[in-house]
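Reviewing the structure listed below.
The values are calculated or read from the model by the stated rules, or taken from the named source; none is laboratory data. Everything numeric here is computed off the predicted structure, so don't read it as measured data. Using ideal geometry, Cβ is built from the backbone for each residue, glycine included, and neighbour counts are taken over all protein chains shown.
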Amino acid sequence: MSAARAAMVTKVRGRFDEFEGSAHLDDDAPSKSTAQLTIRAKSVQTRNRKRDNHLHSNDFLDMDNHPIITFTWTQVERADESNFKVTGDLTVRGVTKPVTVDFELTGAENDRRGTFRAGFAGKATINRKDWRIRYGGGLVSEKVTLEFDVAVIRQS
């Protein structure tokens with residue numbers, strides 16, 4: 001999920017509905033953890049068809065030329081028992097920049113079948129212009145808040 005301010009007055013919320021990822025989480029040595037997230041840019045939804053179509057265009061995500069958004073972890077630091085700083089490479093529109101996301105462990109336990117599951121919530125604010133998204137002038141804020149809700153399921 002992400003949010004940006006339109007006309008610097010209202011917050012526009014959106015989400016991506018098509019994504020996949022994988023992770024190797026090392027609780028004993030978080031710095032050895034790795035993860036990769038792949039998002040289909042065309043799956044962006046803001047509940048406004050006209051705006052969604054504009055987001056698909058060259059003005060914003062340029063989905064015809066850059067259909068995939070990726071986030072690949074490069075560094076994990078444990079801040080305390082349930083908080084982590086995850087730095088990774090975010091690629092949007094063919095531009096890759098480092099981003100640090102503050103993640104909180106929201107829960108971890110075995111489900112009814114004995115499968116271990118963990119949940120994380122994360123947030124980071126980026127400047128869209130760093131990824132060559134320059135449309136809007138003063139009508140669209142440069143700041144975009146990225147929000148991550150992640151469920152991890154242990155694989156055998």
Residue that is modelled with the lowest pLDDT, among those in region 124-140 that are of a type in the set (A, V, I, L, M, F, W, C) and in contact with a Lys or Arg (Cβ under 9 Å, 6 or more places away or on another chain): V140
All positions within region 49-67 that are of a type in the set (D, E, K, R), at pLDDT 85 or above and under 11 Å from I133 (Cβ atoms): D62
Every residue from region 8-43 that is of a type in the set (D, E, K, R), surrounded by 15 or more Cβ atoms within 10 Å (Cβ to Cβ) and more than 21 Å from A151 (Cβ to Cβ): K42
Subset of region 96-140 (residues that are out of contact with any strand residue (DSSP E or B) (no Cβ under 7 Å at 6 or more places or on another chain), among the basic types (K, R) and closer than 20 Å to R13 by Cα): R134
Subset of region 132-152 (residues that are within 16 Å of T72 (Cα to Cα) and over 14 Å from the mean Cα position of the chain (by Cα)): V152
Residues (surrounded by 12 or more Cβ atoms within 10 Å (Cβ to Cβ) and either closer than 18 Å to D28 by Cβ or touching a residue at least 24 places away in the same chain (Cβ under 8 Å) (or both)) located in region 58-73: D59, F60, L61, D62, H66, P67, I68, I69, T70, F71, T72, W73
Near pairs, Cβ below 6 angstrom, 6+ apart or cross-chain, from region 134-148 (crowded, with 16+ Cβ neighbours inside 10 Å) to any residue that is at pLDDT below 85: V140/A6; S141/A4; S141/R5; S141/M8; V144/S2; V144/A4; T145/A3; L146/S2
Residue satisfying condition, being charged (D, E, K, R) and more than 19 Å from D149 (Cα to Cα), within set D52, D102, D89: D52
Residues of region 68-94 that turn out to be under 16 Å from I133 (Cβ atoms) and more than 15 Å from the chain's Cα centre (by Cα), as a count: 1
Criterion (surrounded by 12 or more Cβ atoms within 10 Å (Cβ to Cβ) and out of contact with any helix residue (DSSP H, G or I) (no Cβ under 8 Å at 6 or more places or on another chain)) met by exactly one of V86, V76: V86
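May I ask you to verify whether E77 is modelled with pLDDT under 95 and outside any helix (DSSP H, G or I)?
Here the answer is yes, as E77 does meet what is asked.
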Residue satisfying all of: in region 98-114; surrounded by 13 or more Cβ atoms within 10 Å (Cβ to Cβ) and not β-branched (V, I, T); farthest from D130 (Cα to Cα) among these: A108
